[in-house]
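As structure tokens, the structure follows; a few thoughts come after it.
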Amino acid sequence: MRRDLAPLQSMFMTAAERVSPPSPARPEQGRSPFVRLRELLGNVAPGKPAISLAVGEPQHAVPAFVGPVLAAHVDEFGRYPLNKGLDEFCAAVAGWLGRRYRLPRPIDPAAEVLVLNGSREGLFLAALAAKRWVSGRVGRPAVLLPNPFYGAYSAGAIAADCEPHYLPATRATGFLPDLDALPDELLARTVAFYLASPSNPQGAVADHAYLTRLVGLARRFGFLVFSDECYSEIYTQHPPPGMLEAGAPDYANVVVFQSLSKRSNLPGLRVGFVAGDRKFLARFLELRNVTAPQVPLPAQRVAIAAYADEAHVEANRKLYAQKFDLADQIIGGRYGYRRPAGGFFLWLDVSSHGGDEAVTLRLWREAGLRVVPGRYLSREQADGFNPGHGYIRVAMVQDQETTAEALHRLVAALG
């Protein structure tokens, strides 16, 4: 998913050049970045005991309440869950949203919340729903997504037979899509706009003005904003604003996706939620009733407990802060490093050290570090520009001691 031209090229592009249609499909561009990584490393032996910094899978401890809650509700594994979610789950989500964000009116748990089997499946299926129910498009329906991007966005757009448009999110644009570069012709064809804030992998946070402007475009042109906020509780200084705040009070055209994977270190629980535009959610539920995986009731009970407790979230955030303190000290000003505003990735510019694929192979061969080449997380556009080219993504998911060892190895290998 990544190929050439230096990231600085984006600084000299016109708006029309920055918003370009997808290039003819290349075999590697629709494949998992982790499959491509395995192929890149092949049979090369790690130079030191292996440390994986590739997958964004939290390694912190599971909250203490998880086991007891599951045990107390184990009999509910004998029941089929409804796709809507338990009333108690939806109420817990609405309550958390009201505490976490500045909302002028409460979210209605009966009509504005659905349970998800993790945010990933919701983000994928939402594109199919958007294509089906967003009407009045002029030309072939389009789905806009940041570049680099989470694979579920692109997969959903392609499955929905929409034209994906990859919007470069580079240092020159604050690592967010440039809203000024979107022509009216494209917006008139758009059915959905995916945005991640904090972004994966760059850790950029969209401010309230940016979110409000995007909501304004959605309402003007009649498309939906799919806001992926699964990293919202891992931040450096200030809690990131949310799309619901920008879409209040009616939340029209705004759909927010959340998960317990990062917030509560529960990636294997597969519980998340979607909230927002009630008209879309009613139609989304119709689709989900025949296509979506259900969420076991005991898992929803754990989620209810998780959304009622902030102590474990605060402890989790402190652990990530300590690891970014290590990055500040060990990496310093190398590789264009900056402490991200949110999320738990480092997005390091290694273009002057041989490029992303070469550095990834070198770090494995010499230092036993497994990272992801930036080009594998983004898409080459029609003009040949790939916003991930020359970067590596480093997931700060290991414990503090392992993270310190990994960062020291990285610096020793690259200089």
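Can you give the translational diffusion coefficient of the chain in µm²/s, computed by Stokes-Einstein from the Kirkwood radius over Cα pairs at 20 °C and 1.002 mPa s?
Taking Rh from Cα pairs, D becomes 98 µm²/s.
Computing the accessible area with a 1.4 Å probe over protein heavy atoms, can you report the carbon and sulfur percentage for the chain?
Carbon and sulfur: 55 percent of the exposed surface of the chain.
Starting from the Cα of residue 279, draw a straight line to each of the aspartates and glutamates and keep only those under 15 Å, dropping any in the same chain fewer than 8 residues away.
Excluding near neighbours in sequence, the set is 108, 112, 250.
Build a GNM of the chain with springs between Cα atoms under 10 Å: which of 96, 133, 364 gets the top mean-square fluctuation?
With Cα springs under 10 Å in the chain, the top fluctuation among 96, 133, 364 is at 133.
Between residue 366 and residue 283, how many nm apart are label points set 7 Å from Cα along the C-beta direction?
5.4
Tally Lys and Arg at +1 and Asp and Glu at -1 over the other residues with C-beta under 10 Å from the C-beta of residue 133: what net charge comes out?
Overall, the nearby charge balance is +3.
Suppose R0 equals 22 Å. What FRET efficiency, 1/(1 + (r/R0)^6) with r the Cβ-Cβ distance, do residue 38 and residue 412 give to the nearest 0.05?
Rounded to the nearest 0.05, the efficiency is 0.35.
Quick check: residue separation of residue 184 and residue 61 times 0.36 nm, minus the Cα distance between them. What number comes out in nm? Show your work: numbers first, answer last.
On the way: separation 123, 0.36 × 123 = 44.28 nm, distance 4.75 nm.
Full extension from residue 184 to residue 61 adds 39.5 nm.
Output needed: percent of Cα pairs per 5 Å distance bin for the range 276-348, bins running from 0 to the one holding the longest distance.
All Cα pairs considered, the percentages come to 3, 12, 13, 11, 12, 11, 13, 11, 9, 4, 0.
Test of understanding: what is the full-extension gain from residue 79 to residue 213, defined as 0.36 nm times their sequence separation minus their Cα-Cα distance?
Details: separation 134, 0.36 × 134 = 48.24 nm, distance 4.41 nm.
Separation in residues times 0.36 nm, less the Cα-Cα distance, equals 43.8 nm.
Going down the table (84/262; 48/318; 84/323; 84/318; 84/131; 131/262), which pairs top 31 Å between alpha carbons? Present the calculation step by step, with values, prior to reporting the outcome.
Working: 84/262 23 Å; 48/318 29 Å; 84/323 38 Å; 84/318 34 Å; 84/131 21 Å; 131/262 29 Å.
Pairs exceeding 31 Å: 84/323; 84/318.
Under a crude label model (7 Å from the Cα following the beta-carbon direction), how far is residue 133 from residue 382 in nanometres?
So the two model labels end up 3.1 nm from each other.
Per DSSP H run of at least 4 residues, take -39500 (n - 2.57); add these up for the chain, divide by its residues and hand me the 222 nm value, nearest 500 deg cm²/dmol. Mind showing how you got there, number by number?
Details: 15 runs with 154 residues, N = 415.
Using -39500 (n - 2.57) per qualifying helix, the result is -11000 deg cm²/dmol.
With label points built 7 Å along Cα→Cβ from the Cα atoms of residue 311 and residue 31, find their separation and express it in nm.
Distance between the two pseudo-spin positions: 4.8 nm.
Return one whole number: the accessible area per residue of the range 177-333 in Å², for a 1.4 Å probe. Spell out each step's value before the answer.
Values: 5080 Å² over 157 residues.
Solvent-accessible surface per residue comes out at 32 Å².
Just how much of residue 135 is accessible, in Å², when a 1.4 Å probe is used and the result is rounded to the nearest 10?
90
The values are calculated or read from the model by the stated rules, or taken from the named source; none is laboratory data. Note that this is a predicted model, so its numbers are computed, not measured. A quick note on method: Cβ atoms are made from the backbone with ideal geometry, for glycine too, and the neighbour counts reach across all protein chains shown. These area figures cover heavy atoms from the full protein model, side chains too; ligands, DNA and RNA do not enter into them. Shrake-Rupley method; radii C 1.70, N 1.55, O 1.52, S 1.80 Å.
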